[in-house]
1. Write down the Kirkwood hydrodynamic radius of segment 130-226, to one decimal in angstroms, obtained as one divided by the mean of 1/r over all alpha carbon pairs.
2. ³J(HN,Hα) across segment 73-80 via Karplus (A = 6.51, B = -1.76, C = 1.60, θ = phi - 60°), whole Hz, x for Gly/Pro?
3. Rank these by accessible area, largest first, 1.4 Å probe: E225, E19, E81.
4. Measuring with a 1.4 Å probe in the full set of protein chains, what accessible area per residue, in whole Å², belongs to the chain?
5. Once each part is reduced to its C-alpha centroid, what is the distance from segment 15-60 to segment 135-198 in angstrom?
6. Tell me, what ³J(HN,Hα) does each residue in segment 16-31 have, in order and in whole Hz, if you take phi through Karplus 6.51 cos²θ - 1.76 cosθ + 1.60 with θ = phi - 60° and put x for Gly and Pro?
7. Considering the options I51, S136, I200, tell which one lies farthest towards the positive end of the dipole of the chain, charges being +1 on Lys and Arg and -1 on Asp and Glu at the Cβ, about the Cα centre.
8. Using the beta-carbon distance between N203 and A33 and R0 = 41 Å, what value does 1/(1 + (r/R0)^6) give for FRET efficiency, to the nearest 0.05?
Amino acid sequence: MLPTLFRSFTLFAELDDRELASIASVAKSRHYAKDDVIFHADEVGDVFCLISDGHVKVTMISPEGKEIILSMMGPGDFFGEMALLDDEPRSATVIATEPLDVMTIWRSDFLQILSDNFSITRKVLAELSKRLRAASNRIESLATMDVYGRLARFLLDLARDHGTTLENGYVAVTRPTHQSIANTIGTSRETVSRLIHGLIKQNLLMTEGKTLYLRKSAIDQFKAEG
Ligand code: CMP
């Protein structure tokens, strides 16, 4: 069962059955309920986590208690690698946003796996590079864009990374809450609600149940606006 699950992780796609079985033998599965904290920022970290089911948010809490969302992650994504690689405390707090199943690997086993398999090391480095690029883009948008521009960029990134293009030209994404958008782009929930209602009025967005539909013209407009 475990090697089959491990085969579904892109991180391990290049491995043969023997290598997969060896990783599966050192991994343990853990379940968390919605809102459980998996790691607190600044605590000592000993495990690497791979999401098999569910989603997490990676957050920092400001001194005033305000939550800043750095990233959302889902099945196949990993977290908890930083403290193991640089021997520093956890860099952020990771919280389950729905019931969560993760595979955990202890520090020494994780480091051994990286040392034995360059394909995995390279994927971990590629993911870290991707996260650094995303953080740079974030710094740029916070420093140079107004809140409308930051919302437009947030929606564009969401559509690019998680969108499904429908035959009618709309791009469908799972609808994030206004509060989580606000905590990601650095504004209030009220401002996000006002801007989203404006986009709905202009027919650039539609929401239905848990889905948000972005019109192709909205995507073109957001891109043109930079
Ligand atoms: P670690 O520092 O061990 O524990 C918190 C984890 O959150 C960290 O490893 C990364 O896996 C993840 N993380 C921290 N900062 C970011 C970020 N800016 N973007 C995405 N993930 C992050």
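1. On the way: mean 1/r = 0.0733 Å⁻¹.
For segment 130-226, inverting the mean 1/r across all distinct Cα pairs yields 13.6 Å.
2. So the J values, rounded to whole Hz, are 10, x, x, x, 7, 10, 8, x.
3. Details: E225 100, E19 55, E81 5 Å².
Per-residue accessible area, sorted high to low, gives E225, E19, E81.
4. 56 Å²
5. For segment 15-60 versus segment 135-198, the Cα centre distance is 27 Å.
6. 8, 4, 5, 5, 5, 5, 5, 5, 4, 6, 9, 9, 10, 9, 9, 10
7. I200
8. E between N203 and A33, to the nearest 0.05, is 0.55.
The values are calculated or read from the model by the stated rules, or taken from the named source; none is laboratory data. The structure presented is a predicted model; accordingly, all values stated were derived computationally and were not measured. Cβ sites come from the backbone with ideal geometry, for glycine too, and all protein chains shown count toward neighbours. Just so you know, the surface numbers come from the protein's heavy atoms only, side chains and all, with ligands and any DNA or RNA stripped out. Shrake-Rupley method; radii C 1.70, N 1.55, O 1.52, S 1.80 Å.
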